Every structure is written in C-alpha cells, then in structure tokens.
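K.L.:
What follows is a single structure, and I will ask about it in a moment.
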Amino acid sequence: MSDSGLSLALAQGGIEFKQFVRTRESLVFTLLFPVMLMLIFGSIFSDVIITPPGVSPAVTLSQYFVTGMIASGIMSTGFQNLAITIPIERDRGVLKRYRSTPMPKWIYFAGKILNVAVLALLSIVLLLAVAVAFYDITLPDTGQKWFTFAWVSVLGLTACTLCGIAFSGVAKSGRSGPAVVTPIALILQFTSGVFFEYSDLPPWMQQFAALFPLKWMCQGLRSVFLPADFAAQEVGGSYELGKVALVLGAWCVGGLVLCLLGFRWTTRRDG
Amino acid sequence: MTDEELAISVSGLRKSYRDNQAVAGVDLAVRRGEVFALLGPNGAGKTTTVEILEGFRQRDGGDVSVLGVDPAKAGADWRKRIGIVLQGTGEFDELKVGEVVRHFARFYPNASDPAEVIERVGLSDKANSRTHTLSGGQKRRLDVALGIVNRPELLFLDEPTTGFDPAARREFWDLIRQLSHQGTTILLTTHYLDEAEALADRVGVINRGAMVAVSTPAELGGRHQATARVGWREDGQARFEQTDHPTDAVRRLSERFGGEVPELTVTRPTLEDIYLEMLGEKEEQQ
Ligand SMILES: Nc1ncnc2c1ncn2[C@@H]1O[C@H](COP(=O)(O)OP(=O)(O)OP(=O)(O)O)[C@@H](O)[C@H]1O
Ligand SMILES: [Mg+2]
C-alpha cells in the first residue's frame, strides 16, 4: 500500500539521515568542523575583554565568538550542507530517479528539511555543550530568552535551508559545489560578526553583511547569551530583535521563491 | 489500430540539441503487450527518443501518446503505471540494496514485495550490501529492480543488460519473458542483436535520428527470404555456395563425397549480419 504523505515524508527524512550519517565527510564537515573552530578560536580569544574597562559583567571575545559559532553551525547544516549535497545527488542521477516515480515533489524537500532540522539540533546541542563547558556561556535563565533562542534558530535555519536548496539550482556540477559554497560561507562569517566584533568592522562591510541572514542570526543569539547591558555596544545600540525577525522572515520568503523558480531535477546534459 | 490497442504512439517526433538534429521525424507504434526493441548505432537517437517518451526531455515537434497520455504533461497517476530503467544509473552510495528497493516501493500503491523483486533480479545475497560495493552488473540489476517494483503496465529499458555476464543476461531474458507473459508492454534499446532476437516481437532500427526499418526480427531486411550459405572443405580449402535450395545442395555434395561432407555448415544471415548490412547501405547513400 502506498503510504500517506506524512509517513512518506518521514521515511524520506529517515533515508536522508541514514545517508548523511553514513557519509563520513559530511558528518565531519557539517557537524564537527564548527566544534573544532569553536575550540581553536575560543581558546585564542578567551583573554580578550571586549567590554570597556570597569564595566561588569565583563564579556570576553570568546563568549562573543561562540554565539556567532552557533549561528554558523545553523548556517552550515542548512546552507552549506544542501548547497553542496543536492548538486552531487543531481549529478549522480538520484534526483532524476525520484522524478521517475509518482513521489510528490514536496516529499523530497520535506525529507531534506527533516534531516536538516535533526542535524541542526544536534549541532546546536554539541556547540552549546562546548560553549558552556569551556567559555563561560550560561544557558538562558528566563522563558523569554529560551523563546528568543528558539525563534531565532528556527527562522534562521529555515532561511538558510531554503537558500541552500535554491543555491543548488545555480551550481553547474556537484564537483564545483564546495569551491563555490565554502568561500561564500567564510566571507559571511568574517563580515557578520563571527570571527571579529561586528561593531569594529568598517561601515561598508557592516552594510554588506546586514543584507544577509547570518549577521542577524548572530545578533539574535547574542541577545540570548550575552548580558542585556552589552546591547549598548551593538551598532544600533540595542539587539534589534524586531529587525532580526523581519530580515530573517524576508529571506525565508525570498529563498522559497528562488527554490520554486530555480530548482532543477536533471543536469543540463540530460537535455 | 485504435488508440486503446497502442501503448505507445509517436508520429513525426523531432528534437534538436542546438544545431544537432538528434531525432528527425520518428514514427513509432507499440501495441499493448508487445516487446519492442529499438536498435541503432551510438548517437542514433535512441535515448533521446525514449527519454521523451518517459517525460524527461522536451520535444521540438511531433505527436506523442504513451498509455493515452502526452508524457510532457503527464502527472503522478501516469508515473504509477510506467517503469523506467535509464541508460545511466542513479547511485545511492551509502544505502543498502534492500533499503533502496523498500524505499521506492513506498511510492506506489500496488508495489511488489521488495524482497521478491530483489530475488527476481538475482540480488538476494546482496540485499544487505551498500550499493557502492556492488559490481557494475549488480548495480544494473538494482536499476532493473527499481524499474519493475511497481508492476508497471509499460516498462522502458535503455540498454538494460550492459555489463551483465552471459548467465545473468539469460536470467534477465527470462525475467523479461515472464513480465511479458503477465501482459507488460516493453520498449527496450539494446546493442545486442541476439537479445533483440530472443526477446522482441518487433524491432525498429534508428539511424541518424530516423527510423529506417520496423519489422519482426525474423523478417528484418528481408532476412527470411535471404539465400542460405552452404559451406564445406574440399582439397584443403574452404568452399561455399549461396543457394535458395540448401537441402538440394547438401544432397548433391553428399553424393559427390559418398557420404559425409567435410566441415559441412548451412547458415542463413544472422540478425547482426542483416543489421550491419542495412547500416552500411545507409552510409553509402549519404
Ligand atoms: N543532452 C544533450 N545535449 C546535447 N546533445 C545531446 C544530448 N543528448 C544527446 N545528444 C546528442 O544527440 C544524439 C543522439 O544521442 P542519444 O543519446 O539519443 O543516442 P543513443 O542512440 O542513445 O546512443 P547510444 O547507443 O550511444 O546510447 C547524439 O549525437 C548526441 O551527441
Ligand atoms: Mg543511449
């Protein structure tokens, strides 16, 4: 008997997850690489105080950095992961094979999204565990902060996932994927306040980064994990949560439109 | 012939890639329940034609009806009724054979038991292996398994037995015959003339995007009327004679030799002979 849409989507998610965890490269690249970066830079930055002298509680650069790293982890499971793996699947003819069945198209995307959601959760738990263990980060202590944490993560992940799927339509072949996607991610990380303090960056760089989701995800997460007083050091003088929601929401809509317009099931050489 | 009797009906099919006319006005009619083999040299346009019928490629012109539907506009209900084995495989590297077949069976309302399908294509002892560990021929069998898991009314097979060992090819032929007995219409392409002869009710030869002949394997290119060739050895030399009356010729030889004729053979042109001759003539006309 053919399964209902929901159980089919769950099965598709299961297949995606199986393939992911059985591929060592993607496991290392997507989940462990952000953890390694956090350990390396977190240790380098741990003595750098970024609050003005005398301000208490003091904030270290490593505390600032780990919130950015959690945002990067979310971006990595959504954007990099899909933008790299979908073109590979298309090259291998996996997508064409799905199109030869009556499987509704949305099931494929649902499977990807379910897989990404599970991976992002794993990634956040891993990174948060390291941050709490080594870098003076405390878990949110109010329901309000947990709520902010949740919506920033979900909205950010949705935007990144949709952009990852949309981006897969641009990639010419699976082989060129990492070479194109990795620099994009790195540039965003450098300009969005992951490796450097956003407020220290030249204004043109700030304006560039403010066009993309990562900057807003970082800012939203700082509001969760850094002291309320630290907001005074943000460029706008506050964490601007309303703007965070607006920009991430806009990227979700834009990403969805790009997915619907640009997604390809077959390679160009398939005629 | 009415449309209900035809599984596939194509007329004036055209398709170009830039300035390369890959399919130039192909007509094709495949009856329900028929096994039809498309033959033709590399680049003749077989895959292009078949993938247009499967709904993967867009045609430039011509009328196409597959199970009564235009594949360019066909939906999920149509896909439930057809099975596809593409020329190129789709690789699910990290999944096991059984996992892949079970997963694809979920997409269909009346799928066969996955274990039984795996058994039918001879992969039972590989059911728990990752697909990237399969040999070339075994990967091809997995493709076939995915093509038949939905008990299709119409099965497309684009060079299905490439990479099969001789025994596997015979087993595959048996499988195709069983499917055909159960009423499945089959359109296959192949470069193996013995395969076409063993399986096909009719064959069509495509060359440079045009259908140059359609016939039963026995009658292709006037093969059934072709003269026989009687060969023997005499005075240390191979001799032969082309004749319409080979029995007569053998009797005369037997009388001459007073019994056994050394190294006697009586042959008619194979399908391959006829096919190559046909394409050769075609070349000369160019
Ligand atoms: N996606 C494509 N883009 C451009 N040209 C193509 C494409 N697919 C096929 N062709 C060209 O169209 C012609 C027919 O190709 P096709 O794949 O249909 O041949 P075929 O009969 O299946 O050959 P083979 O026996 O080698 O599989 C060839 O000249 C080929 O180069
Ligand atoms: Mg071909």
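The values are calculated or read from the model by the stated rules, or taken from the named source; none is laboratory data. Not measured: the values here are computed from a predicted model. Cβ coordinates were reconstructed from backbone atoms using ideal geometry, including for glycine residues, and neighbour counts include every protein chain displayed. When the accessible area is computed, the model is the full protein with side chains, heavy atoms only, and any ligands, DNA or RNA have been set aside. Shrake-Rupley method; radii C 1.70, N 1.55, O 1.52, S 1.80 Å.
K.L.:
Search region A:139-168 for residues being touching a residue at least 24 places away in the same chain (Cβ under 8 Å) and more than 19 Å from the chain's Cα centre (by Cα), and hand back the single one that is farthest from A:PHE263 (Cα to Cα).
P.N.:
That would be A:PRO140.
K.L.:
Please enumerate the residues belonging to region A:170-187 that are open to solvent by less than 30 Å² (accessible area, probe 1.4 Å) and either of a type in the set (D, E, K, R) or under 25 Å from A:SER46 (Cβ atoms) (or both).
P.N.:
Correct list: A:ALA185 only.
K.L.:
Next question, about the same structure. Looking at region B:21-72, which of its residues are of a type outside the set (Lys, Arg), in a loop (DSSP other than H, G, I, E, B) and within 15 Å of ligand 1 (Cβ to nearest atom)?
P.N.:
Of everything in region B:21-72, those that are of a type outside the set (Lys, Arg), in a loop (DSSP other than H, G, I, E, B) and within 15 Å of ligand 1 (Cβ to nearest atom) turn out to be B:GLY40, B:PRO41, B:ASN42, B:GLY43, B:ALA44, B:GLY45, B:GLU54, B:PHE56, B:GLN58, B:ASP60.
K.L.:
Would you say A:GLY220 is more than 30 Å from A:VAL94 (Cβ to Cβ) and not in a helix (DSSP H, G or I)? Spell out how you get there, then give the answer.
P.N.:
Numbers: more than 30 Å from A:VAL94 (Cβ to Cβ): yes; not in a helix (DSSP H, G or I): no.
Judged against the criteria, A:GLY220 is not a match.
K.L.:
Taking the residues in region B:53-75 that are at pLDDT 90 or above and small (Gly, Ala, Ser) as candidates, determine which candidate is farthest from A:THR267 (Cα to Cα).
P.N.:
Among those that are at pLDDT 90 or above and small (Gly, Ala, Ser), it is B:GLY68.
K.L.:
Please state which one of A:PRO52, A:PRO34 is within 15 Å of A:TYR135 (Cβ to Cβ) and either away from every other protein chain (no Cβ under 14 Å) or in contact with a helix residue (DSSP H, G or I) (Cβ under 6 Å, 6 or more places away or on another chain) (or both).
P.N.:
None of the others qualify; the one that does is A:PRO34.
K.L.:
Take B:GLY90 and tell me if it is within 18 Å of B:ARG141 (Cα to Cα), touching a residue at least 60 places away in the same chain (Cβ under 8 Å) and away from ligand 1 (no atom under 16 Å from the Cβ).
P.N.:
Criteria not met by B:GLY90.
K.L.:
Follow-up. Got a number for residues in region A:197-240 being within 20 Å of A:LEU157 (Cα to Cα) and touching a helix residue (DSSP H, G or I) at 6+ places or on another chain (Cβ under 7 Å)?
P.N.:
17
K.L.:
If the requirement is being under 21 Å from A:THR60 (Cα atoms), of a type in the set (Phe, Trp, Tyr) and buried (at least 16 other Cβ atoms within 10 Å of the Cβ), which of these qualifies: A:PHE225, A:PHE190?
P.N.:
A:PHE225
K.L.:
Condition first: assigned to a helix (DSSP H, G or I) and without any contact (Cβ under 8 Å) to a residue 60 or more places away in the chain. Now tell me which residues in region A:86-104 satisfy that. Full working, then the answer.
P.N.:
Let us first name the residues in region A:86-104 that are assigned to a helix (DSSP H, G or I), namely A:86-91, A:94-99.
Residues satisfying the conditions are A:VAL94, A:ARG97.
K.L.:
B:LEU95 versus (1) open to solvent by 10 Å² or more (accessible area, probe 1.4 Å); (2) touching a Ser or Thr at 6+ places or on another chain (Cβ under 7 Å): which is the lone unmet condition?
P.N.:
Checking B:LEU95 against (1) open to solvent by 10 Å² or more (accessible area, probe 1.4 Å); (2) touching a Ser or Thr at 6+ places or on another chain (Cβ under 7 Å), the one that fails is (1).
Residue-wise test of (1) farther than 19 Å from B:GLY122 by Cβ; (2) in a helix (DSSP H, G or I); (3) within 14 Å of chain A (Cβ to nearest Cβ).
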{"site": "B:LEU142", "(1), (2), (3)": "no, yes, yes"}
{"site": "B:GLY147", "(1), (2), (3)": "no, yes, yes"}
{"site": "B:LEU157", "(1), (2), (3)": "no, no, yes"}
{"site": "B:THR161", "(1), (2), (3)": "no, no, no"}
{"site": "B:PHE164", "(1), (2), (3)": "no, no, no"}
{"site": "B:ALA168", "(1), (2), (3)": "no, yes, no"}
{"site": "B:ASP174", "(1), (2), (3)": "no, yes, no"}
{"site": "B:GLN178", "(1), (2), (3)": "no, yes, no"}
{"site": "B:GLY183", "(1), (2), (3)": "yes, no, no"}
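K.L.:
Here is a follow-up. Considering region B:26-80 alone, what residues qualify as being within 14 Å of chain A (Cβ to nearest Cβ), of a type in the set (Asp, Glu) and open to solvent by 30 Å² or more (accessible area, probe 1.4 Å)?
P.N.:
Restricting attention to region B:26-80, the residues satisfying the condition of being within 14 Å of chain A (Cβ to nearest Cβ) are B:43, B:45-60, B:66-67, B:69, B:71-72, B:74-80.
Filter once more, keeping what is of a type in the set (Asp, Glu): B:51, B:54, B:60, B:77.
Residues satisfying the conditions are B:ASP60, B:ASP77.
K.L.:
Could you grab the pairs with beta carbons closer than 7 Å, sequence gap of 6+ or different chains, first residue in region B:31-59 and under 13 Å from B:ILE8 (Cα atoms) and of a type in the set (Phe, Trp, Tyr), second one more than 8 Å from ligand 1 (Cβ to nearest atom) and open to solvent by 20 Å² or more (accessible area, probe 1.4 Å)?
P.N.:
B:PHE36/B:ASP201; B:PHE36/B:ARG202
K.L.:
Every residue in region B:185-197 that is surrounded by 16 or more Cβ atoms within 10 Å (Cβ to Cβ) and assigned to a helix (DSSP H, G or I), please.
P.N.:
B:LEU193, B:GLU195, B:ALA196, B:GLU197
K.L.:
Can you say whether B:THR89 is assigned by TED's automatic domain parsing to the domain that holds B:LEU199, within 21 Å of A:THR266 (Cβ to Cβ) and either open to solvent by 50 Å² or more (accessible area, probe 1.4 Å) or assigned to a loop (DSSP other than H, G, I, E, B) (or both), as far as the supplied structure shows?
P.N.:
yes
K.L.:
When region A:4-51 is examined, which residues are found to be open to solvent by less than 50 Å² (accessible area, probe 1.4 Å) and either over 24 Å from A:GLY111 (Cα atoms) or outside any helix (DSSP H, G or I) (or both)?
P.N.:
Within region A:4-51, A:THR23, A:VAL35, A:LEU37, A:MET38, A:GLY42, A:PHE45, A:SER46, A:ILE50, A:THR51 meet the criteria.
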